[in-house]
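**Student:** Below is a structure I'd like to ask you about.
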Amino acid sequence: MPLSSPAPRKLRHTRAITVEAYARDDGLWDLDACIRDIKTHDIELPSGQRPGGLPVHDLKLRITIDRDMLIADAEASSDAVPYPGYCDTIGPAYKKLIGLSLLKHFRLHLKDRLSGVLGCTHLTELAQVLPTAAIQAFADDAMENRTAEQSSERPYELDRCHALRTDGPAVAKYYPRWALKVVTG
């Protein structure tokens, strides 16, 4: 169902976040993430004027993960920033992601290592989408290795969102083996 028709309005700013997942020949995966902020109009920054249509932020983060979703490598780049020579020097700090698991308290560890002055607000915000992007990247491979009824392992996606509650109708329909029977009264 689409959003309702908006009130009259004028576009002022676009923030785009993309994550592309690549299966590497060596068995590892790369997640290439990008966050880009673009104004529709010229803006005055302390570092000078930024013409409308040019990025205020164009930041990239690549992590390399193994099949267990452990980060084997990380790198960051800042191609457009509001404070050139300052914002774009933080990239090496994102090596601190190496060794973290995307599945085990990643966002908590990310905050401990790279929040505030320890990192870039926008790169750290971008990193927060990586766990779910990685799960989506692996989902079709995982589905090839199991079906809802054949696997002895509980599907990882259960109880991770409202639609796949183990006491809900979607799980009863698509994963009946793992459905909880609700007892009333």
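**Student:** Pairs under 8 Å by beta carbon, first residue open to solvent by 40 Å² or more (accessible area, probe 1.4 Å) in the range 112-138, partner of a type in the set (D, E, K, R), six or more apart or different chains?
**Tutor:** As it stands, the answer is ARG113/LYS96; HIS122/ASP37; GLN128/ARG107, since those pairs meet every condition given.
**Student:** Then there is this: Out of (1) out of contact with any Phe, Trp or Tyr (no Cβ under 9 Å at 6 or more places or on another chain); (2) open to solvent by 30 Å² or more (accessible area, probe 1.4 Å); (3) modelled with pLDDT under 95, what's the single condition that is false for ILE90?
**Tutor:** (3)
**Student:** Can you name every residue in the range 13-28 that is in a strand (DSSP E or B) and of a type outside the set (A, V, I, L, M, F, W, C)?
**Tutor:** Hits for the range 13-28 are HIS13, THR14, ARG15, THR18, GLU20, TYR22.
**Student:** Restricting to the range 12-48, name every residue that is under 26 Å from ALA74 (Cα atoms) and open to solvent by 60 Å² or more (accessible area, probe 1.4 Å).
**Tutor:** Step one: list which residues in the range 12-48 are under 26 Å from ALA74 (Cα atoms), which gives 15-38.
Matches in the range 12-48: ARG15, ILE17, THR18, GLU20, TYR22, ALA23, ARG24, ASP25, ASP26, ARG36.
**Student:** Let me ask another. I'd like to verify a number: residues in the range 68-87 that are among the charged types (D, E, K, R) and either open to solvent by less than 70 Å² (accessible area, probe 1.4 Å) or touching a residue at least 60 places away in the same chain (Cβ under 8 Å) (or both), how many?
**Tutor:** Residues of the range 68-87 among the charged types (D, E, K, R): 68, 73, 75, 79.
Now drop any that are not either open to solvent by less than 70 Å² (accessible area, probe 1.4 Å) or touching a residue at least 60 places away in the same chain (Cβ under 8 Å) (or both), which leaves 73.
Selection size over the range 68-87: 1.
**Student:** Please go through the range 165-184 and give me each residue that is part of a loop (DSSP other than H, G, I, E, B) and either among the hydrophobic types (A, V, I, L, M, F, W, C) or at pLDDT below 90 (or both), ordered by number. Even if it seems obvious, please write down each step before you answer.
**Tutor:** Taking the range 165-184 as the starting set, the residues that turn out to be part of a loop (DSSP other than H, G, I, E, B) are 165-168, 175, 179-184.
Matches in the range 165-184: ALA179, LEU180, LYS181, VAL182, VAL183, THR184.
**Student:** Return the total of residues in the range 49-67 being open to solvent by 70 Å² or more (accessible area, probe 1.4 Å), modelled with pLDDT of 95 or more and either among the charged types (D, E, K, R) or under 16 Å from the mean Cα position of the chain (by Cα) (or both). Working first, answer last.
**Tutor:** Applying the first criterion (open to solvent by 70 Å² or more (accessible area, probe 1.4 Å)) to the range 49-67 yields 49, 54, 62, 67.
After this cut, where a residue has to be modelled with pLDDT of 95 or more as well, the list is 49, 54, 62.
Cutting the leftovers down to either among the charged types (D, E, K, R) or under 16 Å from the mean Cα position of the chain (by Cα) (or both) gives us 62.
Of the residues in that region, 1 qualify.
The values are calculated or read from the model by the stated rules, or taken from the named source; none is laboratory data. Quantities reported herein were computed from a predicted structural model and do not represent experimental measurements. Cβ sites come from the backbone with ideal geometry, for glycine too, and all protein chains shown count toward neighbours. Note: areas computed on protein heavy atoms with side chains; ligands, DNA, RNA excluded. Shrake-Rupley method; radii C 1.70, N 1.55, O 1.52, S 1.80 Å.
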